[in-house]
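A short write-up of the structure that comes next.
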Amino acid sequence: MTDAPTCHVQTPETAHLLAGAQVFDHPLRPAQLAAFIADPGHDLVFATQGARVVGFASGTVLLHPDKPPAFFINEVGTVEDLRRQGIALQLCRLLMERARARGCMGIWLATETDNIAARALYRRLDADETTGIVVYDWDGAMQG
């Protein structure tokens, strides 16, 4: 029997656990990871099973001069062989709990219309689904 995944909050003390993680789009860049951790507006939670990173969720506090802070969930990922086992659900709940504890009054994200698994996850989290949004990007922002 396999151990249940353990959730972690990204801190300087937990950074070493991400070494060699295969759950991100690209290999981690140590300088980027250090900058991410050092910025108080960024948050990342991740799950391990043994020494393997099996999922993560990250986001950013968005500040506006005329609104309370909001939280943008930037990415959610789970290793392919462990999808649909509740790991992403648990990580998103933890990330959202942390955003609310920071005073964020709204939490949002976007996904592709054909990403059925992600949309099912967000519905399980009781999200309101918005339609009719068009995304614009510059300098390859949406190319990963």
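Some notes on this structure:
- Evaluation of Gln32 against (1) over 22 Å from Met105 (Cα atoms); (2) surrounded by 11 or more Cβ atoms within 10 Å (Cβ to Cβ); (3) out of contact with any His (no Cβ under 8 Å at 6 or more places or on another chain) (one fails), failing number: (2)
- Residues in region 14-30 that are assigned to a loop (DSSP other than H, G, I, E, B) and either over 14 Å from the mean Cα position of the chain (by Cα) or in contact (Cβ under 8 Å) with a residue 60 or more places away in the chain (or both): Thr14, Ala19, Gly20, Ala21, Gln22, Asp25, His26, Pro27, Leu28, Arg29.
- Residue ID - surrounded by the fewest Cβ atoms within 10 Å (Cβ to Cβ), chosen from residues in region 71-88 that are in contact (Cβ under 8 Å) with a residue 12 or more places away in the chain and part of a helix (DSSP H, G or I): Leu82
- Residue match in region 31-54 (condition: within 16 Å of the chain's Cα centre (by Cα), closer than 19 Å to Gly86 by Cα and part of a loop (DSSP other than H, G, I, E, B)): no
- Among the candidates Leu62, Leu121, Leu91, residue that is touching a residue at least 60 places away in the same chain (Cβ under 8 Å), surrounded by 11 or more Cβ atoms within 10 Å (Cβ to Cβ), outside any loop (DSSP other than H, G, I, E, B) and of a type in the set (A, V, I, L, M): Leu91
- Sole exception among (1) over 25 Å from Gln143 (Cβ atoms); (2) of a type outside the set (Asp, Glu); (3) at pLDDT below 95 for Leu63, by number: (3)
- Unmet requirement for Ala101, which otherwise passes all of (1) at pLDDT 95 or above; (2) surrounded by 11 or more Cβ atoms within 10 Å (Cβ to Cβ); (3) under 24 Å from Glu129 (Cα atoms): (2)
- Thr11 vs. criteria assigned to a loop (DSSP other than H, G, I, E, B), in contact with a helix residue (DSSP H, G or I) (Cβ under 6 Å, 6 or more places away or on another chain) and β-branched (Val, Ile, Thr): no
The values are calculated or read from the model by the stated rules, or taken from the named source; none is laboratory data. What you are looking at is a predicted structure, and each value in this text was computed from that prediction instead of being measured. In this analysis, Cβ positions are derived from the backbone assuming ideal geometry, glycine residues included, and neighbour counts consider all displayed protein chains.
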